[in-house]
Amino acid sequence: MTRSSSRRLGSTPGGYRRPFEYAILTEGREFGNVQIEAEVRLDTPATISNRDVIIVFGYQSETEFYYAHLSQDNTIYAHNGIFRVDNADRYRIEHQWDGTVGAPPAVTDEEWHDVKVTHCADTGEIAVYVDGSDTPLMTAVDTTFSSGRVGFGSFDNIGRMRDLVVTGTATGPCTTDPSETVVVGEVDSGVVNVVADDLGCSVDDLVLDEQRWSDHGDFVQHVAEVSAHLRSTGVVTGQERGALMAAAAQSSVGRP
């Protein structure tokens, strides 16, 4: 997956109380239903109780988005919860907050932790999981934003993210890959990279070779299905479909 970011730093922008230090994944299309998986670490010393990192999703603009706030403090309104920013101060929406205390602290040390955030845009259901637990640490239901981009940052501390994997239902227009030909992983198929659908997605966009695949066979099967559809709609010829399949098979995408 190509990762590009925009970052907003400095004093709080005028208007609403909300996070303002974050990076947004700007390449590709927005997501409707989405699952965000990553390892996160809070680098600010654990002696500081209000330290945090945030996972951003449903991002529409600087004043319209959701975020999951992961902190070791669960006694303050702005900490360790799920929030909505909708052209107003951030608003807490998760079920665990009772007005005094919220869900158990998400992170209490300076080690790496597995985090998963799921957002079902169809129903508004949101869940945050930590360290592989089958039971969500935090849950919410909100239908304000049905799609958007994802990101990572902090309210006002220091943290890190690694091994980011974003899966879900893409929506909205593509940011078309500028390649002249479709390059599958490191293999140039030689197929002209034309626009392939009404959303402006190119053939290269639909191949998804920059997405993280756990299995090479799954990736090759995906290319087979995509190229079959493109052949049936006249976007590529039979010969071009064969070239795409050959490039996928020869590529290292999904291999250990």
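Worth pointing out:
- Local charge for A170 was computed over the other residues whose Cβ lies under 10 Å away, with Lys and Arg +1 and Asp and Glu -1, and equals -1.
- Structure-derived Cα extents along the principal axes in Å: which label, when the choices are (i) 64, 37, 34; (ii) 52, 37, 37; (iii) 70, 40, 35: (i)
- Over the chain, Cα pairs under 8 Å with separation of 6+ residues give a relative contact order of 21 percent.
- Between the helical axis of 238-250 and the longest alpha-carbon principal axis of the chain there is an angle of about 50 degrees.
- Gain in span if fully extended, H95 to T233, counting 0.36 nm per residue against the direct Cα distance: 45.0 nm
- The Cys residues in the chain with no partner Cys Cβ within less than 4.7 Å of their Cβ are C120.
- Once the chain from E39 to D197 is taken as fully extended at 0.36 nm per residue, the excess over their C-alpha distance is 53.4 nm.
- Helical mean residue ellipticity (222 nm; -39500 (n - 2.57) per DSSP H run of 4+; nearest 500) of the chain: -4000 deg cm²/dmol
- Only Lys, Arg, Asp and Glu carry charge here, each on its Cβ (+1 for the first two, -1 for the last two); on that basis the chain has a dipole of about 400 debye about its Cα centre.
- For the stretch 113-127 and the stretch 35-109, distance of Cα centres in Å: 13
- With both labels modelled 7 Å from their Cα along Cα-to-Cβ, the R160 to A88 distance reads 3.9 nm.
- Arranged from fewest to most other beta-carbon atoms within 10 Å of their beta carbon, E37, E225 become E225, E37.
Where a number appears in this text, it was derived from the coordinates with a stated rule and is not lab data. Bear in mind the structure is a predicted one, so any value in this text is a computation, not a measurement. Glycine also receives a Cβ, built like all others from the backbone with ideal geometry; neighbour counts cover every protein chain displayed.
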